[in-house]
Every structure is written in structure tokens, then in C-alpha cells.
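A.B. asks: There's a structure below that I have some questions on.
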Amino acid sequence: MEREKQSLFSSFQKNVDYMKNRLAVDKSFDVIYLDLEYAGRKMALFLIDGFAKDEILHYIMKLLAQLEPEQLEPDPLTKLFKTYIPYIEIGRLKDLNKIADQVLGGPAALIVEGIDEVIMIDARTYPVRAPAEPDLERVVRGSRDGYVETIVFNTALTRRRVRDRSLRMEYLQIGRRSMTDICVCYLDDIADQDRVEKLKEVLKMIDTDGLPMAEKTIEEFISGRHWNPYPTVRYTERPDTAAAHLYEGHVLIIIDGSPSVMITPATYWHHLQHAEDYRQKPMVGAYLRFVRFIAVFVSIFILPLYYLFSVSPEFLPTGLEYIGPSEAGTIPLIVQFLVAELGIDMLRLAAIHTPSSLATALGLVAAILMGQVAVEVGLFSSEVVLYLAVAAIGTYATPSYELSLANRLIRMFLLLVTASFGAIGYAVGITLWILYLVRMNSFKTAYFWPFLPFSYRAFRDVFLRSPMPLKNRRPAFLHPKDPDR
């Protein structure tokens, strides 16, 4: 949505009054207006307390106080801009509305009598925590820095690892009221330019008041299919992971206020990769990835399969007759599974809201009540607790938190259709799940690639964790300008 423009007035006082009204100086204690006079000229400085670097502005004001009127002649704007305001990030604007919006974002605005432009001094600083290793993407060996909530820090962490002259950081603002800073990041010599332009068009079309949830709000706008539980973008808080995807030809979206960087496009298999795979030797990394795949697929299929074997023992292969509850609980088996699933989700939510000092106590209470006591009183079968624990381990072994939640919903769906229709429901449910994933697209990219459509080279890289010297081609589905590494 195009914002209304307001050009500077010919009167200095009118400009000051308009800015004071626009910024509500008298109603907000953190909006600062300074009435100044340097070199015989009236000046006004507008800034936000807490965003401005006091020492920088103090130094600039000290230099301006030493100026004589004749030092600003004959062109005061050029003299100030090029000589007497010694700072790196300065600019000039004529639109008072845009000036006010920028002041709210951090830069200071200097209005000078007799000059038809406003000088913008970007001497801002944001409250920021120190870069630390992300909780969800820990590695045994590797860098310990991670993205933070400030966009400038995140772009610097990215450029530190990608010192390529073709690295592009394109700036956008989204949200009529929040005016959230967005950065579209890609390698111009590698990324598909059509993909970049389409992504920027979609971002510019977002029309909303603000982005209170930052990257998640943007994902819902750009992904479509709002009731689809599966994530179509990948999130990372690791600069090295983001850099690796840039070199492949992906496009990143960095959002101010969020430590999570969005990677587009992302297939189903991207969500099963982890930095730990590449921090170990290729054989070890391939083994870790294989174990992870087993854990993830076991978390989806083992509970419905166990239920099927329990209610229909005739499907059990020879030698596996021991599978199935030896003693049935007092409530039906399917109800046991659903109640236990809900109980684990309650425990997860409780853990999020529990102070770390009480987390151990919460774990002990949950283990005793949900495990031992529930089995002893006969509410649950002990095998139900065992297989549910195996499924929960597979869920937490999934690198992508969003994918693990989606897989959990699919597991409950398979449980319900298996309980309703038996073996046919189990087989049809899995088939429908695969067809659903095959038909999905992530920014016009097949979600199940390279499995469908099949690509042998990419399929091998996904499942085997190829050695880096052998990964001499970029993923074909990204249509990179430079396919060779």
C-alpha cells in the first residue's frame, strides 16, 4: 500500500510543528525533540531515546557548535553533508512522512533552517543479546554463534561466511504500522533470478498492519495452503547452515526481530538434514542421517502398526507372535494411544512454560504418573507406554520442529484410520499421505523431490551424505545460473 507523501514546507517552523505532531512528541516520553541553534541557523533534531548512540550524536553536536555562519556559505546543505557532519551513514530526504517513519525506526532527523532537505543520521543501536549456539541446532563440533533478533547483526554474520561480491542483501519493509525490516538474501551469480523476483513480488504484496510473529506471519502469507501442516520453508538459526544453502542457490529471508532465517524453497528432505551430518566424517555422517531417517519414520508408522498387530494378530509374521499387549488395560487400546498422545503434548507444553529450576521435578512427576502408576493401576498397557516412548524419541530426533509437529498429526491420523478400517485403513492412510506430499509444492518446487520426480544424483546425496569433494553440482531443482561448484 502506497503511503501518502508530504513534501517539506518552505517554513522551518511548519516543518518542525508537522514532525512534532506526526511523532506525537508531547505524548510519548521516548520521542525526543531538541530545539538547537548552530552557525546562526535554527535547527531541530528528532530521535527515539534508546535507539540513538549518544556518544555519536554528542560528537556531531559538539562539532556543529564550533561552526561560524560564514562556514556554511554558499551551500549549507553540501557543507553540512560533506564536511561538517563526519559520519558514515547519513542521507537526505524531502518527504516528511517518510522522515517520521524512519525516525521511529531509529535514525535521527536534523531539520535545518533555510535548507529544503532533511539530513538523516543513522546513528542507531538496538538492544541485542550476544550470538549464542541455537538450542534446536546444537552440534558436537562447529561454530557456536547463532542469529539474534537484530537484522543488521544477522546480515553481518551471513556476510562473514559468504565473502562473495555477488552476495545481495535487498531491503524491504512490510506492515503498514509495524514497518518491519526484511532482507532478501541470495547470490546473484548462482540463484535463479526469476525465483528471486517472484519471491520479492509476493513479499511486496503482503498487506497487513504488522508482523507480530515475524517469520511465521510471513510464512503464512507467502506459502498459501493455510491448513497444510507441513512446512514449505526451512528455518535455521545457524549462519553456517544459511551460508551452505546460499551456495546451493537458495534464497534467504531475514526478518528483523527474529533469530530464525527462512530458507526458500525447501523440500521434505531438507527438514531431515542437520549440520551435525557435515561436522563428522562422511561415513559417520551417513550413518547418523540413516539413524535419523529410521527414527523419523518409526515415529510415524510404529504406533499404527503396533495397534494393527494387536487387534489383528493374524497379520503377524511367524516368530513375532509376542507382539501385542499381554494384558489389556481397562480402557480400549485406541483410547490409550490417543490419551497418551495428548498427555505427551500436555507435558511438552508444560515443559515450555515451566521454569528451568522446576523442569527436573516436572519430568519426575510425568514419568511416575504417566508411566509407572498408569500401568500399575491398569489404565495403560506397559507395551503402549514402550512404543509411545519410541515414537516420542523419533519425534524429538527430527531436526525440524515444524516437521515433527506435522508428522505427529499424521501419526494420529493413521491411528484413527487403522482403528476404523483395519489393515485397509492403514495401507490407504499411508498411500494418501504419500500422495499428499507428492502433490505439494514449495514455491513451485516439488515437495518430495528428488524422490518424485526422481533424480538419482540428488537422491544419493539426500540418503548417503556424499563427501563434499564429490558434491560438485548444485541441486538441479533450484535452476542455478552456475550449476557447477
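A.B. asks: Could you give me the ³J(HN,Hα) list for region 302-311, computed from phi with Karplus coefficients 6.51, -1.76, 1.60 and θ = phi - 60°, whole Hz, x at Gly and Pro?
C.D. replies: Per-residue couplings from phi come out as 5, 5, x, 5, 4, 4, 4, 5, 6, 8 Hz.
A.B. asks: Can you give me the Rg/Rh ratio for region 112-156, using Cα atoms for both radii and the Kirkwood formula for Rh?
C.D. replies: On the Cα set of region 112-156, Rg over Rh gives 1.33.
A.B. asks: Taking N as the number of residues in region 74-184, what is its alpha-carbon radius of gyration divided by 2.2 N^0.38 Å?
C.D. replies: Details: Rg = 18.4 Å, N = 111, 2.2 N^0.38 = 13.2 Å.
That ratio works out to 1.40.
A.B. asks: Please report, in Å, the Rg and the Dmax of region 16-104, where both are computed over Cα atoms only.
C.D. replies: Spelled out, the Cα radius of gyration and Dmax of region 16-104 are 13.7, 39 Å.
A.B. asks: Using the eigenvalues of the Cα gyration tensor, what equivalent ellipsoid semi-axes result for region 222-261 when each is taken as the square root of five times the eigenvalue, whole Å, largest first?
C.D. replies: Semi-axes from the Cα gyration tensor: 21, 13, 9 Å.
A.B. asks: Provide the gained length on full extension for the span Ala65 to Arg460, in nm with one decimal, where the gain is 0.36 nm per separating residue minus the Cα-Cα distance.
C.D. replies: This chain segment gains 135.4 nm when fully extended.
A.B. asks: Now, a different point. Please work out the average accessible area per residue across the chain, using the 1.4 Å probe convention, and give it in Å².
C.D. replies: Value for the chain: 52 Å² per residue.
A.B. asks: Using only the alpha-carbon atoms, what does region 1-57 span along each of its principal axes? Please give whole angstrom values in decreasing order.
C.D. replies: 36, 30, 21
A.B. asks: Send over the semi-axes of the chain's equivalent ellipsoid, whole angstrom and largest first, taken as the square roots of 5 times the C-alpha gyration tensor eigenvalues. Could you put the intermediate results ahead of the total?
C.D. replies: Working: eigenvalues 632, 136, 79 Å².
Whole-Å semi-axes of the equivalent ellipsoid: 56, 26, 20.
A.B. asks: With every protein chain present, what accessible area does Arg22 have (1.4 Å probe, heavy atoms only), rounded to the nearest 10 Å²?
C.D. replies: Using a 1.4 Å probe on the heavy atoms, I get roughly 110 Å².
A.B. asks: Just the C-alpha atoms of region 210-277: what Rg/Rh do they give, with Rh taken as the Kirkwood radius?
C.D. replies: Ratio of gyration radius to Kirkwood radius for region 210-277: 0.95.
A.B. asks: Next up: For region 262-269, just list the computed ³J(HN,Hα) in residue order, Karplus coefficients 6.51, -1.76 and 1.60, θ = phi - 60°, integers in Hz, with x standing in for Gly and Pro.
C.D. replies: Calculated HN-Hα couplings, in order: 8, 10, 10, x, 9, 8, 4, 6 Hz.
A.B. asks: Could you check how much of the accessible area of the chain is carbon and sulfur, as a whole percent, using a 1.4 Å probe?
C.D. replies: 60
A.B. asks: Of Lys62/Lys82; Lys200/Lys444; Lys5/Lys82, which ones are farther than 19 Å apart at the Cα?
C.D. replies: Cα-Cα > 19 Å for Lys5/Lys82; rest within.
A.B. asks: Pop out the ³J(HN,Hα) list for region 110-121 in order, Karplus 6.51 cos²θ - 1.76 cosθ + 1.60 with θ = phi - 60°, rounded to Hz; leave Gly and Pro as x.
C.D. replies: 10, 9, 10, 4, x, 10, 8, 9, 9, 8, 9, 10
A.B. asks: Same structure, new question: For a quick check: with amide H placed at 1.01 Å from N, whose amide H comes under 5 Å from Ala52's, ignoring anything fewer than 5 positions away on the same chain?
C.D. replies: Result for Ala52 returns Thr125.
A.B. asks: Follow-up. How high is the relative contact order of the chain, in percent, with contacts defined as C-alpha pairs under 8 Å that are six or more residues apart? Kindly include the intermediate steps, with their values, before the conclusion.
C.D. replies: Working: 721 pairs, mean separation 63.9, N = 485.
Result for the chain is 13 percent.
A.B. asks: Hey, another quick one. To test your reading of the geometry: what angle, between 0 and 90 degrees and rounded to tens, separates the Cα axis of helix 54-65 from the longest principal axis of the chain?
C.D. replies: 10
A.B. asks: Can you tell me the Rg and the Dmax, both Å, for the Cα atoms in region 171-250?
C.D. replies: For region 171-250, the Cα-based Rg and Dmax read 13.4, 36 Å.
A.B. asks: Here's another thing I want to ask about it. Quick one: which residues, 5+ away or cross-chain, put their amide H under 5 Å from the amide H of Ala132? H built at 1.01 Å from N.
C.D. replies: Sorted by chain and number, the residues that satisfy this are Gly146.
A.B. asks: Just the accessible area for Asp17, please: 1.4 Å probe, Å², rounded to the nearest 10?
C.D. replies: 80
The values are calculated or read from the model by the stated rules, or taken from the named source; none is laboratory data. Computed from a predicted model, the values in this text were never measured in an experiment. Keep in mind that these areas ignore ligands, DNA and RNA; they rest on the heavy atoms of the full protein, side chains included. Shrake-Rupley method; radii C 1.70, N 1.55, O 1.52, S 1.80 Å.
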